[in-house]
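Shown next, in structure tokens, is the structure this report addresses.
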Amino acid sequence: MKKLALIGTTWPFRGGGIASFNERLARAFQAQGYEVTIYTFSLQYPSFLFPGKTQYSEQPAPTNLKIEICINSMNPFNWISVGRKIKATNPDLVLVRYWLPLMGPCLGTILRIIKGNKHSKIICIADNVIPHEKRPGDKPFTQYFVAPVDGFVTMSAKVLSDLKAFTQTRAIQAVHPLYDNFGDPLDKAQAKEHLGIPVEQPIILFFGFIRKYKGLDLLLAAMAILKEQARSHPEMLVPKLLVAGEFYDAEAGYQEQIDQLGIRDLLILRTDFIADDQVRYYLSAADFVIQPYKNATQSGVTPLAYHFEKPMLVTNVGGLAELVPDGKVGLVVEPNAAAIAEAVKKLYALGENHFLPQLRAEKIKYGWNQLVQTIEALAQTPLP
């Protein structure tokens, strides 16, 4: 039986999409006959660096997954011991997630030690290489990390391009699989009832951690434009915006913007962390999913929307538009409030049913087995 060591965030950390992705990918490898161990963090971020309320999950540990809680991202002595521990297990494949340069020294050291066994092939799934929010040390930390990696998988052309500034090691682009681990879609009325939303209320959804680059401020400004237009066109449909996700940015600025724009009556704010068992209610309740990002590589919200068969509005930044064929599974617009407001109106004018046939056809591409096969093929490529 082949052995896979997966290094990255998982339970007991929340981790958002990355933790869910890692757990789902581990199960996909298990289904292909691998013995999988996930090596996750005992300390992921020092509390003063963490932007949310808590790093830790309130959910029970996932079943049928072997998880080693052992990596202290801030302790170099720990990196050495963890590297030796994984090296001694002699895994055939080491799969590591890279999403933040802060993790470069820790992960780069662990990988260098593992590489000493002259057996393990090291593949990185790179979510970001150049981060959305830049910090001192980003470039040298990433440069240190990439050196021991034998191959890279990215899920956007932007990250694939960014990698070229750091390494010429083989890298390929794969599609982000669907998040199918949050349960099946629910009837919209049932989902709204669970969330305490009137069944007849039109809903657009902003989902996920709230950070500057995700452009919630643009979407709030777009809601104000729609409200103003409705004053002179009373027949105009103005949906409510359901904001579902924890603030990883200063909340006060958004609350001040909401009051200045006078749009609190158009908002439903659910800004605590959304537990995994609640995700399907939020996606199922929405008519459309809105991603008003100011910059991006890719987004885990897109495959989530595909799974729940929700048409999307995305801005034309980074890799977002690659996965959302304009006019077919959603709309692609420029990242400004006026364009977003017009696109929201267009979504409702076209209606959900306009997008569903193409959306259902497109989602077939996004299976977990395809990603497993892509990683295996990359791992089998001879080293230069």
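The values are calculated or read from the model by the stated rules, or taken from the named source; none is laboratory data. Bear in mind the structure is a predicted one, so any value in this text is a computation, not a measurement. Quick reminder, even Gly has a Cβ in these numbers, built from the backbone with ideal geometry, and neighbours come from all protein chains shown.
Being closer than 20 Å to Leu304 by Cα, in contact (Cβ under 8 Å) with a residue 60 or more places away in the chain, among the acidic types (Asp, Glu) and out of contact with any Asp or Glu (no Cβ under 8 Å at 6 or more places or on another chain) is a property that holds for Asp180. Annotation: Tyr248 fulfils all but one of (1) modelled with pLDDT of 90 or more; (2) over 21 Å from Leu195 (Cβ atoms); (3) surrounded by fewer than 22 Cβ atoms within 10 Å (Cβ to Cβ); (4) not hydrophobic (A, V, I, L, M, F, W, C); the unmet one is (1). In region 290-302, is there at least one residue being among the charged types (D, E, K, R), under 15 Å from the mean Cα position of the chain (by Cα) and either in a loop (DSSP other than H, G, I, E, B) or at pLDDT below 90 (or both)? No, region 290-302 has no match at all. Of all residues in region 80-112, those that are farther than 25 Å from Ile130 by Cα and either of a type in the set (A, V, I, L, M) or outside the structural domain of Glu35 (by TED's automatic domain parsing) (or both) total 5.
Within region 263-281, being within 16 Å of the chain's Cα centre (by Cα) and either closer than 26 Å to Ala252 by Cα or assigned to a loop (DSSP other than H, G, I, E, B) (or both) holds for Phe273, Ile274, Ala275, Val279. Looking across region 179-222 at every residue that is under 30 Å from Arg27 (Cα atoms) and polar (S, T, N, Q), the one that is modelled with the highest pLDDT is identified as Gln190. One residue is enough: does region 130-142 have a residue meeting the conditions touching a Gly at 6+ places or on another chain (Cβ under 6 Å) and either assigned by TED's automatic domain parsing to the domain that holds Thr89 or modelled with pLDDT under 90 (or both)? There is at least one residue in region 130-142 that is touching a Gly at 6+ places or on another chain (Cβ under 6 Å) and either assigned by TED's automatic domain parsing to the domain that holds Thr89 or modelled with pLDDT under 90 (or both).
Looking across region 83-130, the residues that are assigned to a loop (DSSP other than H, G, I, E, B), out of contact with any helix residue (DSSP H, G or I) (no Cβ under 6 Å at 6 or more places or on another chain) and surrounded by fewer than 17 Cβ atoms within 10 Å (Cβ to Cβ) come down to Asp92, Lys118, His119.
Any chance region 254-262 includes a residue that's modelled with pLDDT under 90, assigned to a helix (DSSP H, G or I) and buried (at least 16 other Cβ atoms within 10 Å of the Cβ)? Looking for residues that are modelled with pLDDT under 90, assigned to a helix (DSSP H, G or I) and buried (at least 16 other Cβ atoms within 10 Å of the Cβ), one finds none in region 254-262, hence no.
With respect to Val159, is the statement that it is out of contact with any Leu (no Cβ under 8 Å at 6 or more places or on another chain), hydrophobic (A, V, I, L, M, F, W, C) and outside the structural domain of Ile290 (by TED's automatic domain parsing) true?
Details: out of contact with any Leu (no Cβ under 8 Å at 6 or more places or on another chain): yes; hydrophobic (A, V, I, L, M, F, W, C): yes; outside the structural domain of Ile290 (by TED's automatic domain parsing): yes.
When the stated conditions are applied, Val159 passes them.
Residue check: is Lys363 among the charged types (D, E, K, R), more than 20 Å from the chain's Cα centre (by Cα) and either more than 18 Å from Leu237 (Cβ to Cβ) or at pLDDT 95 or above (or both)? No, not satisfied.
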